[in-house]
Amino acid sequence: MESFDKIISINNWFDKPLDSPLYIAGPCSAETEEQIINTASEISKNSKINVFRAGLWKPRTRPNTFEGVGNKGLPWLKKVKEKYGLLIAVEVANPEHVALCLENNIDVLWIGARTVSNPFSIQEMAKSLANVQIPVLIKNPVNPDIDLWIGAIERFYNNGVYKLAALHRGFYPFERTIFRNIPKWEIPIELKIKLPLLPVICDPSHIAGTTKFIEEISQKALDLNFDGLMIETHINPKQALSDSQQQLTPKQLNELLSRLIVRDVSSNDTEFSKLLSNYRSQIDSLDFQLLELLAQRMKVVEKIGEYKSLNNVKILQLPRWENIIGTRTEYGKSRGLSEEFITKLLQLVHKESIQKQTEIMSKSKI
């Protein structure tokens, strides 16, 4: 994998340094010139917001629905830039969109989740932007595939585009949840571990699917050291032609940003650092104890596997597994652990146990 050591920090994307985190706001779609100008007018009053976003070309699931105003909206965005001094961000899905945005001095491009899922489309756009230092935000693919996400980032990087950021918008859920898209925070966290120089921005609007959860998701992203937020904002969300339920009014956006807490990455306080170090030492000790106990458990599992093999007994014993799930879940909940966490942990341990017993059974046939 590339080292990505040429990635350019968000603070060096534009002519002047930006405050951190980076806040991007604007409507899901540009609908009319009046809607764009009125929304931008209100958004520009908040000094925390540097970038105005609006979709021009909307990839819709079904035809004959609102698919954006297209090229017609570019002059509207140009007016926003001239009148209010906001930088402009637009979604692009093919090289033609890219060329139009560059011709019209768009400042930031973002690649949608559906486009990211198609490496052919990504490769074409990456080539069309070869060595052009315009910021490109790359949303995660629809499904939780971190390699596909990294691959899209890599394609732009390999074409000399170094003003890059990942844009986390959640993943399509197999079953209905309270969110439009499941956050699966572990994936962007893993991305930050694999590519530490790459900025990661959160799109709480698309994760939430409703304004009810946007603040909660935004605060979570900031607490996880994300580099910014992209929040959909419309002058009159009830009349929006797309995603009306997840767009804030400019007033609601201002109130939300005023309540968000941006925490320090670390503290220079000696007493704090000492106490944190002590707690981390405790965690280190407990982690090694956990691993030792798991290793001992697997040794017992191997003995059970050998005994089953000698007595020609099946590996999976459903009544036993159901008993483990029931008793351990109740005990774990009494110790303050969530049922979801206990279940996932037990399933992981059980999977490894079955694998070990399967290996033993296989060897006995040789």
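Every number in this text was worked out from the coordinates using simple rules, so none of it is lab data. Because the structure is a prediction, the values reported are computed rather than measured. We place every Cβ from the backbone using ideal geometry, glycine too, and count neighbours over all the protein chains shown.
Rank N64, N11, N38 by mean-square fluctuation in a GNM of the chain with C-alpha springs under 10 angstrom and give only the top-ranked residue. For the chain, modelled as a Gaussian network with Cα springs under 10 Å, the answer is N64.
Seen against the Cα atoms of the chain and their longest principal axis, helix 339-364 is set at about 50 degrees. Based on Cα contacts under 8 Å between residues 6+ apart, the range 116-237 shows a relative contact order of 21 percent. Dividing the summed helix terms, -39500 (n - 2.57) for each DSSP H run of n ≥ 4, by the number of residues in the chain produces a 222 nm estimate of -15500 deg cm²/dmol to the nearest 500. Partner lysines whose Cα lies under 19 Å from the Cα of K163, excluding those fewer than 8 positions away in the same chain, are identified as K6, K16, K127, K139, K192, K194.
The lysines whose alpha-carbon is closer than 30 Å to the alpha-carbon of K314, local same-chain residues fewer than 8 away aside, are K299, K303, K344, K351, K356, K363, K365. Considered as an equivalent ellipsoid built on the Cα gyration tensor, the chain has semi-axes of 46, 24, 21 Å, the largest given first. Considering only E154, E292, E339, the Gaussian network model of the chain with Cα springs below 10 Å gives its largest mean-square fluctuation to E339. Taking 7 Å steps out from each Cα toward its Cβ at D269 and K303 produces label points 5.0 nm apart.
Under a Gaussian network description of the chain, with springs only between Cα atoms under 10 Å, the residue in L316, L256, L102 that fluctuates furthest is L316. With respect to the chain, whose longest principal axis is taken over its alpha-carbon atoms, helix 33-43 is tilted by about 70°. Cross-link reach is defined here as a Cα-Cα straight distance under 19 Å, omitting same-chain residues fewer than 8 places apart; for K251 the aspartates and glutamates meeting it are E34, E42, D203, E215, E216, E232, D243. Within the shell defined by Cβ-Cβ distances under 14 Å, the residues around K303 carry a net charge of +1, with Lys and Arg each +1 and Asp and Glu each -1. Antiparallel beta bridges, as assigned by DSSP with both residues in the range 22-139, represent about 0 percent of the total such bridges.
The alpha carbon centroids of the range 296-366 and the range 10-61 are separated by 52 Å. Relative contact order for the chain: what percent, with Cα pairs under 8 Å and sequence separation of 6 or more? It rounds to 14 percent for the chain. Take the Cα of F14, step 7 Å along the line toward its Cβ, and report every residue of the range 215-229 whose backbone nitrogen sits under 17 Å from that point. Zone members listed by number: 227-229. With 21 Å as the limit, the listed pairs K58/K78; K79/K212; K45/K81 have K79/K212 beyond it between alpha carbons.
If you line up the long axis of helix 270-310 against the longest principal axis of the chain, both from Cα atoms, how many degrees apart are they, to the nearest 10? Value to nearest ten degrees: 50.
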